[in-house]
1. Give the accessible surface of the stretch 44-89 per residue, rounded to a whole number of Å², with probe radius 1.4 Å and ligands, DNA and RNA excluded.
2. Around Ile110, which amide H atoms from residues at least 5 apart in sequence, or from another chain, sit under 5 Å from its own amide H, with H modelled in the peptide plane?
3. How big is the Cα convex hull of the stretch 1-131 in projection, averaged over all directions, in nm²?
4. What does the extension gain come out to for Glu282 and Arg101, with contour length at 0.36 nm per residue minus their alpha carbon separation?
5. Given a Förster radius of 25 Å and the C-beta distance between Asp114 and Arg61 as r, what FRET efficiency does 1/(1 + (r/R0)^6) yield to the nearest 0.05?
6. Using a 7 Å offset from the Cα along the Cα-to-Cβ direction at both Asp84 and Thr15, what is the distance between the two label points in nm, to one decimal?
7. Could you put Thr284, Thr15 in order of accessible surface area, largest first, with the 1.4 Å probe and the full protein assembly present?
8. Between Glu259 and residues 5 or more places away or on another chain, which pairs have amide H atoms under 5 Å apart, with H built 1.01 Å from N, and which residues are they?
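The values are calculated or read from the model by the stated rules, or taken from the named source; none is laboratory data. As the structure is a prediction and not an experimental result, all values here were calculated from the model. Cβ coordinates were reconstructed from backbone atoms using ideal geometry, including for glycine residues, and neighbour counts include every protein chain displayed. Surface accessibility is based on the protein's heavy atoms, side chains included, excluding ligands, DNA and RNA. Shrake-Rupley method; radii C 1.70, N 1.55, O 1.52, S 1.80 Å.
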Amino acid sequence: METELTKDGQNDLVTQSGPVDDALESLLSGVRVDPGDLRDERGQNVYFFAVVDGGVVASPRTPVPFAVVSGLSFKDHFATVRFDGSPYRVYEFDTTVGHQRAHTYMYSLISQEDAMLWHARHLMWTVGGIGFVVALVGNLFLAARLMRPTVQAWTAYRETVLELSHELQTPLATVGAMMSSRNVDEQTATDVRHELERASRMVSDMLFLSRLRSGVFLQPTEPVAVSDITEEAAERYSAILLLQDCHLVGRAEPGLFVETSPPAWERLASTLFKNVVDHAAEHTEATWELYEEGRRVYFVIENVATLGNQEAKPAPERGVGLQIVARLVERMRGRMEVEERDGRFRVSINVPSRRPLW
């Protein structure tokens with residue numbers, strides 16, 4: 001649109017070259033020229049300067065000085081200039097008036113054209129902005145409608161898992177009570193209670209993992225001193241491992257902080273140590289270490305895993321414990337690596353290090 005308006009304005013100005021030649025010839029002959037006689041098709045006054053042998057001839061009441069017009073840089077004989085706040089278009093051409101060669105600068109006011117362009121741009125921006133907002137709202141509305149079945153299905157799935165987890169706890173507790181009240185030999189009762197406890201822990205872990213995945217388990221985070229929490233968990237599970245003729249040795253670098261919550265880190269450390277208790281082979285030594293390196297905190301646990309063909313303990317990859325750890329590490333913006341090689345099971349996590357607020 002701007003190009004078309006500019007071309008139309010240039011053509012209108014070019015068509016006035018004939019009347020300008022006539023006015024110039026009249027001025028050279030000493031005849032007075034009425035400024036109102038030089039108007040373009042839009043009703044705008046047309047002004048000119050002509051450089052002839054005798055000097056510079058100007059139209060009456062020229063609003064722009066000759067020095068300004070003649071100093072412009074022209075492209076295809078046209079240029080624009082703003083003088084005293086008003087815009088002008090200038091047309092440069094050579095002509096012959098009588099027996100004299102004249103280099104002529106013809107110009108006119110283009111404030112109406114500028115105003116039209118400004119209103120057109122304003123209208124385009126307004127219409128475009130309204131169209132963008134309408135399209136955005138429409139897309140959001142359609143996206144919400146398309147996502148509604150998925151959200152409803154996920155909500156139903158989450159509620160089902162929560163209800164199922166709670167319901168499973170009841171029969172497990174009932175079976176445990178029945179074992180205590182019935183005449184069952186001690187070894188059988190012990191084995192059954194062990195499996196019931198294991199099933200109960202698995203249900204609890206599944207419920208906890210479901211909450212993590214659904215975003216229900218969201219707690220405010222803060223810089224947490226993880227060294228003490230890790231050492232306390234290590235002492236607790238070290239005593240349990242001694243009953244299995246296994247040893248747990250390690251160290252925690254003091255003064256380490258991680259952006260998390262105390263329950264989340266306690267659950268992470270306890271789950272990893274519990275994994276060692278469940279899967280470490282007898283008469284072996286498990287190692288752990290908590291340290292800082294390059295503004296990241298590393299927590300590494302390694303143990304000799306029970307072979308999969310031994311019935312005493314399940315294979316290391318079973319259960320949901322490591323899935324819970326992976327989800328907690330993800331929430332801490334960290335990474336988790338699990339490696340099993342030559343009978344050794346190694347879990348390594350690293351999360352960003354934080355400094356205390358005080």
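1. Heavy-atom accessible area per residue stands at 54 Å².
2. Residues meeting the amide H criterion: Tyr88, Arg89.
3. So the mean shadow area of the Cα hull is 8.8 nm².
4. 53.8 nm is the gain from fully extending Glu282 to Arg101.
5. So the FRET efficiency works out to roughly 0.70.
6. The two pseudo-label positions are separated by 2.8 nm.
7. Sorted by accessible area, descending: Thr15, Thr284.
8. Val224, Arg354
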